[in-house]
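Worksheet: the structure to be examined is printed underneath.
The values are calculated or read from the model by the stated rules, or taken from the named source; none is laboratory data. What you are looking at is a predicted structure, and each value in this text was computed from that prediction instead of being measured. Note that we place each Cβ from the backbone using ideal geometry, even for glycine, and neighbour counts take in every protein chain shown. With ligands, DNA and RNA removed, areas are computed over all heavy atoms of the protein, side chains included. Shrake-Rupley method; radii C 1.70, N 1.55, O 1.52, S 1.80 Å.
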Amino acid sequence: MIQRVDFHNPFDTGAAYINVEPASSLSFLEVEEKDGHILFTGKLNEKDRIYGLGESMHGLNKRGYRYVQFNTDDNNHRDSMPSMYGAHNFFVVASEQQARGFFFDYPGRLIIDLDSKHQNTFTVEAETNDIRVYEIQGKTPYEVVKEFLKLIGPSYLPPLWAFGFGQSRWGYDSLRTVEKVIENYKKAGMPLDYVCLDIDHMNKYADFSVDTKRFGNLQLKEKNIHLVPIVDAAIKIEPGNPVYEEGLKNNFYCTDKDGKPFTAYVWPGATNFPDFLKAEARTWFGSLYKFYTDKGIEGFWNDMNEPSIFFSEESLKESEKERLSDPLYQSGSGHPSDYKRFYHDVNGKKINHFYLHNLYGMKMVEASNEGLSKLLDKRFLLFSRASYIGSHRYAGIWTGDNSSTWFMLQRGFEMLPGLNMCGFLFSGMDTGGFMGNCTRKLLLRWLAVSVFTPLFRDHSAKGTIHQECYRFAGKSSFRNVLSLRYKLLPYLYSEFMKAALRADMLIKPLAFVFDKDPQCQDVQDQLMVGESIMIAPIMKKDQDSRLVYLPEEMTMVDYYDRSFHAKALSQGSHRIKIPLSHVVFFVRKNHLVPVSLKGGMSVSEVDFDNLSFLGDGTSYEYYRDDGETREAGLEKIAEIKK
Ligand code: GLC
């Protein structure tokens, strides 16, 4: 059961997809208003667990920490970071007999304290008192999540090719370099479906431009590979550039206190920020993608859309003063004061950015999605760094600038179910890690996790060692794990589409599926992927075996030498050996996993009709379509027999 209560005049964020009539009071929260702020307090039992919060640190159970929901570009990912790139203000309190879900639909800064002081209470504090709160009651956390997913609507649908493997790196400086990467993958016998173009491809980092000297007209020799360019939020101030000029002429930029376009510095130097809160500015920005779609490009990533601001003239002066007066001064990422320096035009009303901050990324992907939907008559790839609840209807997300550490592999893994609880089915991490230097061992173990995430991309930062799979010794191990992805695609795509069409999760905690089994409640290092598969990867440096808990009898599948080796295992704990070149996963009893034994060097080569099956089940609900039609629907699911 969902209940909504509005306090004062909440901003219409667009998070909800269905309308719930407002009620007069909340059932589970105490409310206190003081000096224009609002504070909600909820009670917890000693043993309650709290799931949710999408992109955030601290593992599956979020209890015991304080979170600041304010979209932030900070590449020093660590446990003590209170904010990440997305604000996903939804969590579920799981008690023994019932579950209560809370969604705080609020576009500004929100402080969520999930019992960090161990007083058996949680608090949520908003900057102002205009807020919309939803409470959802159910028997189990999973039931509550499914209600919430209905509230926020269906997931964005990527094309089938976007489920292939993608290579990316900040620093690919010419089309020739990109073509060499493609050639090297081919030579190494490793599959590949797309290569991302980072800001390097642009002309002086100006959006919707290409440095033709280095990148020509973005035409690849290899026709089976897609190029996926980055599009950043801010527009370079560049008199004479029609993109910049058009935005200026039509008042499409956010303004400063004097009504002039707000100027701050990001990759291109001085920039203006499109006012994505304004419908006409969104339509304009969306139409700019024609620059790429005319060249046959059908995939994009939206970045720097928290928005990330390096500094403005004013904040530079401020920090200079601070630096001189404080010997311990450390410059963080960006200057929060800049978020109070500009304004949006919302239906003619000027609103300070600070109060709408968390919507900027969502409104950018809404603009991109709507523009691309007009320009293309099929599905396109689109994923974003910043997000808010509801963004999943327009694009996927990746978890930002992680680092090449075992710690971030674990944290990224634990984030996956939280993202799914908030609708972000099409998500994934920078495989191998973005910051720092990746090692062969780390990359292989990371690939063995990401092979199960819908967005499967290897990405790294300029200045770090190159981490394309063919760079490392023992290429057959890399060929092995990548080939698995292509053989599993019939299952992964079908499960993704079913979850999307039924407003369900794809990646789930064990506790959601085996809710009667107390041993599953605290399992953090095993997850369910779709209805049939459980994964339990190795995420520690020197391990080559681990304990795996099987809540029921399952078929263990050990994938090595590019073939499947199955073995039945009884319910209970098992020590499983997983050599570096293997991928091991488990198939539930009475379930099937359809696979294409032929696999492929790209998604287009995978045979989705001649299937083989893993597992001891007898039938499977298979979703099948052409991989690009927008008319995806439940009628495309058919029961198939082994
Ligand atoms: C940001 C992005 C990263 C990208 C870099 C350069 O840090 O998160 O993925 O490579 O900018 O564009």
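Annotations
- All aspartates and glutamates inside 17 Å of Lys146 as judged from Cα atoms, apart from same-chain residues fewer than 8 positions distant: Glu135, Glu495, Asp504, Asp515, Glu531
- Amide H contacts of Val595 (H built 1.01 Å from N, under 5 Å, at least 5 apart or other chain): Ser612, Phe613, Leu614
- J(HN,Hα) series, the stretch 457-468, from Karplus relation 6.51 cos²θ - 1.76 cosθ + 1.60, nearest Hz, glycine and proline x: 9, 8, 9, 8, 8, 4, x, 8, 5, 5, 10, 5
- Other residues within the sphere of radius under 9 Å centred on the Cβ of Ser315, judged by their own Cβ, net out at -2 (K and R +1, D and E -1).
- Karplus-derived 3J(HN,Hα), 6.51/-1.76/1.60, for each residue of the stretch 291-307, Hz, glycine and proline x: 3, 8, 5, 4, 9, x, 8, 10, x, 8, 10, 9, 10, 6, 9, 5, x
- Gain upon complete extension [Ala279, Gln521; 0.36 nm per residue less C-alpha separation]: 82.6 nm
- Legend: calculated FRET efficiency, Arg78 to Ser337, from the Cβ-Cβ distance at R0 = 22 Å, rounded to 0.05, equals 0.40.
- Cα gyration tensor category, rounded, prolate or oblate, for the chain with a/c compared to 1.5: oblate
- Linear extension gain, Ser27 paired with Arg575, 0.36 nm per residue minus alpha-carbon span: 192.7 nm
- The simple Förster model, with R0 at 45 Å and r as the Cβ-Cβ distance, assigns Lys441 and Glu318 a FRET efficiency of 0.55.
- Centroid-to-centroid separation of the stretch 152-225 and the stretch 290-326 [C-alpha atoms, Å]: 22
- When +1 charges are put on Lys and Arg Cβ atoms and -1 charges on Asp and Glu Cβ atoms, the dipole computed for the stretch 38-167 relative to its Cα centre reaches about 300 debye.
- For the stretch 1-117, the fraction of 1.4 Å probe accessible surface lying on carbon and sulfur atoms is 44 percent.
- Over all distinct Cα-Cα pairs of the stretch 363-415, the Kirkwood formula returns a hydrodynamic radius of 12.7 Å.
- Sorted peptide list for 614-626, 383-395, criterion being average Cβ within 10 angstrom, highest first: 383-395, 614-626
- Sequence-distant aspartates and glutamates (8 or more away, or on other chains) whose Cα lies within less than 17 Å of Lys349: Asp12, Asp130, Asp256, Asp258, Asp275, Glu280
- Over 24 Å (Cα to Cα) - which of Lys62/Lys567; Lys117/Lys150; Lys249/Lys350 fall in this group: Lys62/Lys567; Lys117/Lys150
- Inter-centroid distance (Cα atoms) of the stretch 49-118 relative to the stretch 430-471, Å: 27
- Backbone N atoms of the stretch 532-562 closer than 16 Å to the 7 Å Cα→Cβ label point of Ser612 belong to residues 556-562.
- Whole-angstrom gap from the stretch 603-631 to the stretch 3-21, using each part's C-alpha centre: 39
- Computed over protein heavy atoms with a 1.4 Å probe, the accessible surface of the stretch 504-548 works out to 37 Å² per residue.
- For the stretch 445-456, putting each phi into the Karplus relation 6.51 cos²θ - 1.76 cosθ + 1.60 with θ = phi - 60° gives couplings of 5, 5, 4, 5, 8, 5, 4, 9, 9, x, 8, 10 Hz, in residue order, rounded to whole numbers and with x for Gly and Pro.
- The stretch between Thr121 and Glu639, if pulled fully straight at 0.36 nm per residue, gains 181.8 nm over its current Cα-Cα span.
- For Asn250 and Glu179, the FRET efficiency from 1/(1 + (r/R0)^6), where r spans their Cβ atoms and R0 equals 45 Å, is about 0.75.
- Overall form of the stretch 32-97 per C-alpha gyration tensor (a/c, 1.5; a/b vs b/c): oblate
- Taking amide H as placed 1.01 Å from N in the peptide plane, the amide H of Val346 sits under 5 Å from that of Ile351, each at least 5 places away or on another chain.
- The fraction of accessible area contributed by carbon and sulfur in the stretch 242-299 is 52 percent, rounded to a whole number (1.4 Å probe; ligands and nucleic acids excluded).
- For Ile640, distant residues with modelled amide H under 5 Å away: Tyr620, Glu621, Tyr622
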